[in-house]
Amino acid sequence: MTTAIPESHRDLLELPVATLATLGPDGRPQLSAVWFLAKGDELKISLNTGRQKVRNLQRQAACTVFLLDLANPYRYLEIRGDAELAPDENYEFAARVDAKYGSDIKAMDKQGDRRVVVTVKPVKVNAVDMSG
């Protein structure tokens with residue numbers, strides 16, 4: 001079992017969107033497309049506290065990030081891990097996400113929402129290429 005993202009699939013960390021899977025309160029998977037930043041073998045995601053994803057991760061840290069090669073759907077990266085949540089009260093991490101995506105995340109938040117940085121710590125990495 002590996003927790004390192006292999007060189008063969010590191011290009012997928014440049015994709016614009018990943019799918020984050022968490023477990024909902026009923027135990028069923030909940031999936032959402034998310035913006036992310038990658039550093040080494042960790043992925044970081046900015047979420048606001050009004051989202052179900054945050055409540056799911058506070059209750060159960062287990063999650064999966066899925067990155068599909070859009071040019072070759074038989075190639076993907078699945079990162080199973082545990083999420084660590086940390087406050088982003090000054091929107092410092094959110095500003096880094098803004099810079100990558102050319103947006104203003106703060107404008108998406110409702111009054112009273114706060115931001116958290118979700119760091120996915122890999123427990124198991126599956127790098128798959130069934131194309132040939």
> Which of the following residues is under 17 Å from the mean Cα position of the chain (by Cα) and within 21 Å of Asp11 (Cα to Cα): Tyr74, Tyr101?
Replying inline: Tyr101
> Would the range 113-121 turn up any residue that is over 17 Å from the mean Cα position of the chain (by Cα), touching a residue at least 60 places away in the same chain (Cβ under 8 Å) and surrounded by fewer than 17 Cβ atoms within 10 Å (Cβ to Cβ)?
Replying inline: yes
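Coordinate-derived values only; no laboratory data. Please read all numbers here as calculations on a predicted model, not as lab measurements. Positions of Cβ are backbone-derived with ideal geometry, glycine not excepted, and every protein chain shown enters the neighbour counts.
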